[in-house]
Amino acid sequence: MKGGILIGAGIALILIGFLLVLIGTLISAFGEGDVEGGGVIMIGPIPIVFGTGRGATLAMVLAVILMALWVIGALLMRRG
């Protein structure tokens with residue numbers, strides 16, 4: 001029943017993501033400080049990076065690493 005485990009893990013990750021967004025919103029609403037953000041959208045092996053500050057740089061590096069891993073995985077799967 002590996003499919004059930006993966007579905008449960010996916011739902012848990014979505015709920016954790018919602019909680020993190022809620023906590024971040026509350027902290028920025030009641031706290032003082034600058035708000036920075038960013039993200040990465042992976043469309044196949046092509047990363048689209050957006051954001052401000054140092055987080056965008058880190059996201060870009062991680063996106064390049066993910067892209068390289070995707071290409072290596074695709075080549076290994078092709079060899080059989």
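Descriptive notes on the structure:
- Members of region 49-63 found to be assigned to a helix (DSSP H, G or I) and surrounded by 13 or more Cβ atoms within 10 Å (Cβ to Cβ), listed by number: 55, 56, 58, 59, 60, 62, 63
- Of all residues in region 37-48, those that are outside any loop (DSSP other than H, G, I, E, B) and surrounded by fewer than 10 Cβ atoms within 10 Å (Cβ to Cβ) total 1.
- Qualifying residue in region 28-36 (condition: surrounded by 11 or more Cβ atoms within 10 Å (Cβ to Cβ), outside any helix (DSSP H, G or I) and free of Cβ contacts under 8 Å to residues at least 40 places away in the same chain): yes
- Conditions (1) of a type in the set (A, V, I, L, M); (2) surrounded by 11 or more Cβ atoms within 10 Å (Cβ to Cβ); (3) in a helix (DSSP H, G or I): number failed by residue 12: (2)
Every read-out reported here was derived from the displayed coordinates using simple, explicitly stated rules and does not represent laboratory data. Just so you know, these numbers come straight off a predicted model, no measurement behind them. Methodologically, a virtual Cβ is constructed for each residue, glycine included, from the backbone with ideal geometry; neighbour enumeration extends over all protein chains shown.
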